[in-house]
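Inspection log for the structure reproduced underneath, given as structure tokens.
The values are calculated or read from the model by the stated rules, or taken from the named source; none is laboratory data. Being a predicted model, the structure only gives us computed values, none of them experimental. Every residue, glycine as well, gets a Cβ built from its backbone with ideal geometry; the counts of neighbours run over all protein chains shown. When the accessible area is computed, the model is the full protein with side chains, heavy atoms only, and any ligands, DNA or RNA have been set aside. Shrake-Rupley method; radii C 1.70, N 1.55, O 1.52, S 1.80 Å.
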Amino acid sequence: MSGSVSSTDTPVRLGHGLKVRHLTMMGLGSAIGAGLFLGTGVGIAKAGPAVLISYVIAGFVVVCVMRMLGEMGAALPASGSFSHYARIGIGEWAGFVMGWLYWFMLIMVLGAEITGASAIVNDWLPGVPQWVIALVFVTFFAVVNLAKVSNFGEFEFWFAALKVAAIIGFLAVGVLLVFGLLPDTDPVGFTNLLGEGGFMPNGFSGIAAGLLVVAFAFGGIEIVTIAAAESEDPERSIATAVRTVMWRISVFYIGAIGIMVLVLPWNDPELQDGPFVAVLERANIPYVSGLMELVVVIALLSAFNANVYGTSRMAFSLARRNDGPKPLAKLSRTGVPTNAVLLSVFFGFVSVLLNWLLPDDLLGILLNAVGAALLVIWVFIVIAHLRLRPRLEREGKLSVRMWLFPYLSYLTLALLAGFVVLMAFDEDARQQLISTAVLFLAILSLALFTSRRRARKAAVESTL
């Protein structure tokens, strides 16, 4: 007799302890991380003040993608989210590719976030090796993610709320600096915005190069629709969370970048090293720059926490659909996919090992490894939406609707294609594009192999 646990001990579905406020903060927590705090300075260096245009264009695309995802998520809430929608809207192979590509991308981001956070803490505690700090963080978040989902949601809510409050404080201090309303400061006006070569010092090519940097910064917001499957009222929760997250992300990102390019010259080297701290140091407020460093650490750890959640739920969903190893579908008594969480944590430990082997180079390597994966995922979301919308409308399931369908959907697809073209003509980005294409083809080959094996097995069973 097998040692399986009875159904009364082991749930057959994920827990349902997340509330709307948890989902909203999870979306913010995942998106406001390495991209905003560590990648902003790079975008400003490439485009100058015109990076604002890069953010507006990228932000528009992200808002449209999230609206489409929100429409499908509210109608068909599922732990696999866009992987599930690609599966039913495009084909089984698309669901497999989307799910594992997203999983791989977030695993790379996990490494970037834990590396960034541990590097800052290592500056505070130079006597403690960076890999030891990273190990402590990974172990702690393993415990958090193995707890029941309501506890995880509450923890992430307050974690993300701290950095949201900090960004609001940053915006307030920045406005006071711009108008010279703080002691020993003068109004900066548009001197930095229009000086040092003008608003577009590197021309349209700078805006294009900036686009390639800032598009990555918005990655992670998709986690809202993954988490909706564990909320108390998925349809209402996802509709509310998607609406709220979209405008908050837009305000926080574009507002923060606007303050940076107003307060400091775009070619100030301090902006690349740490844009938030560089701006706050101009305010002459005691300890404010140190406090901002703490916020950056909290932001990165919050994003790490949310992304461990996202990778584990995607792996769980794939396993449930026979697109992944069966053990990943195992649930604890509290409805947590234990093995899927442990797999994500394992790769967190791998990043700790890499911290020890090459601490100075790791962040750049991991950020580049993500490449164009996010763009591929967004393209699949748009295509799945275009295919599913007529069906969902016929079935009367639309509580959230994409604006100006299908025109804005096709415009979003065209802009995403434009991003790919830009990457093809940028030397650094071209390598990322090639790497992502190779990864995509590898996962696609695995998907086709899995599909054929499944078909052969079904054929054999039908003859018995």
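Average accessible surface for the chain: 41 Å² per residue, computed with a 1.4 Å probe over protein heavy atoms with every protein chain in place.
By the equivalent-ellipsoid construction on the alpha carbon gyration tensor, the range 25-163 comes out with semi-axes of 29, 23, 15 Å, ordered largest to smallest. Model label points for residue 353 and residue 254, set 7 angstrom from Cα along the Cα-to-Cβ axis, are 4.5 nm apart. Mean silhouette area of the range 158-263, derived from the convex hull of its C-alpha atoms and averaged over all directions, reads 8.9 nm².
Taking the accessible area of the range 70-125, probe 1.4 Å, and keeping the other protein chains in place, the carbon and sulfur fraction comes to 64%.
Given a Förster distance of 25 angstrom, what is the FRET efficiency for residue 196 paired with residue 60, based on the Cβ-Cβ distance and rounded to 0.05?
0.40
So the label point goes 7 Å from the Cα of residue 397 along Cα→C-beta, right? Which residues of the range 66-101 then have their backbone N under 14 Å from it? Hits in the range 66-101 for residue 397 at 14 Å: 69-90. Using C-alpha pairs below 8 Å separated by at least 6 residues, the relative contact order for the range 123-273 is 28 percent. Estimated at 0.36 nm per residue, the fully extended path between residue 444 and residue 161 surpasses their Cα-Cα distance by 98.0 nm. From most to least packed by mean Cβ count within 10 Å, the peptides 248-254, 201-207 give 248-254, 201-207.
Checking the table 19/330; 148/326; 148/457; 163/326; 397/457 against a 29 Å threshold on Cα-Cα, which pairs fail? Pairs exceeding the cut-off: 148/457; 163/326; 397/457. Magnitude of the charge dipole for the chain, about its Cα centre and with charges confined to Cβ atoms of Lys, Arg (+1) and Asp, Glu (-1), is about 2320 debye. Return the whole-Å distance between the Cα centroid of the range 145-210 and the Cα centroid of the range 270-319. For the range 145-210 versus the range 270-319, the Cα centre distance is 12 Å.
Of all the accessible heavy-atom surface of the range 169-318, with the other protein chains kept in place and a 1.4 Å probe, what percent is carbon and sulfur?
C and S fraction of accessible area: 64 percent.
A value for Cα extents along the principal axes in Å was derived from the coordinates, and within the list (i) 57, 56, 40; (ii) 83, 52, 40; (iii) 69, 61, 49 it appears as (ii).
For residue 333 and residue 232, calculate 0.36 nm times their separation in residues minus their Cα-Cα distance, and state this gained length in nm to one decimal.
34.6 nm
If you sort 103, 403 by accessible surface, 1.4 Å probe, largest first, the order is 403, 103.
Could you calculate the contour length gain from residue 435 to residue 140, that is, 0.36 nm times the residue separation minus the distance between their Cα atoms, to one decimal place in nm?
103.0 nm
Residue 410 contributes an accessible area of around 130 Å² to the protein surface, as traced by a 1.4 Å probe with all chains present. When 175, 143, 296 are compared by accessible area of protein heavy atoms, the largest-first order is 143, 175, 296, using a 1.4 Å probe.
Most tightly packed first, judged by the mean number of other beta-carbon atoms within 10 Å of their residues, the peptides 116-123, 237-244 read 237-244, 116-123. Since only 259, 81, 42 are under comparison, the one whose Cα sits farthest along the positive direction of the charge dipole of the chain, derived from C-beta charges on Lys, Arg, Asp and Glu, is 81. Taking every alpha-carbon pair under 8 Å whose residues sit at least 6 apart, the chain reaches a relative contact order of 34 percent. Rolling a 1.4 angstrom probe over the range 385-464 with all protein chains present gives an accessible area of which 64% lies on carbon and sulfur atoms.
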